[in-house]
1. Largest first and in whole Å, give the semi-axes of region 1-75's equivalent ellipsoid, each being the square root of 5 times a Cα gyration tensor eigenvalue.
2. Take the alpha-carbon positions of the chain, form their convex hull, and give its projected area averaged over all directions (one quarter of the hull surface) in nm².
3. Nearest 20 debye, what's the magnitude of the dipole of the chain about its Cα centre given +1 on Lys and Arg Cβ and -1 on Asp and Glu Cβ?
4. As a footprinting exposure proxy, order Thr69, Thr52 by other Cβ within 10 Å, with the fewest listed first.
5. Only sites in a loop by DSSP and with at most 16 other Cβ atoms within 10 Å count here; which trypsin sites (Lys or Arg not before Pro) in region 79-127 make the cut?
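Read-outs throughout are calculated quantities, based only on the coordinates presented, and are distinct from any laboratory measurement. The model shown is predicted, which means the values in this text are computed figures rather than measured ones. Here the Cβ positions follow ideal geometry from the backbone for every residue, glycine too, while neighbour counts run over all protein chains shown.
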Amino acid sequence: MKSSRPERTTIGGIAGRFGLATHVLRHWEAEGLLDPARDTAGRRRYAEADATRVAVILRAKEAGLSLDTIRVLIAEPARRRTVLRAEAEALRTRIAAAQKSLRLLECALGCGHEDVTRCAHFQEVLAERGSSES
């Protein structure tokens, strides 16, 4: 017979699921990002909602968000849109810079010149660094 209580996992189980060290989860808890239930012995027990929150934190960190910003995303609905608009614009800027860098690398990879800096096409791509049009 199945229990009506939701299934919960240990800190080691949730850490393993996401490839994290357990101290990372403890740190996020100390930062107010996670609040797992505790069993009668005081051990952390993570539900599926906690796993979802871990996934949100990881994805937000991959996007370059700080833990403070992630806390706003998760726990401060009144400030969420304002903060996330600014973060989205910053991410767009980083993506545009990364795309320019990738164009430069791809140009260098495809260049047959001994000294890539003497290549006219490479210099054109490099000149984009000073241009706001690209």
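1. Values for region 1-75, descending: 23, 12, 12 Å.
2. If you wrap the Cα atoms of the chain in a convex hull and average its projections, you get 13.6 nm².
3. Using only the charged Cβ atoms, the result is roughly 800 debye.
4. Thr52, Thr69
5. none
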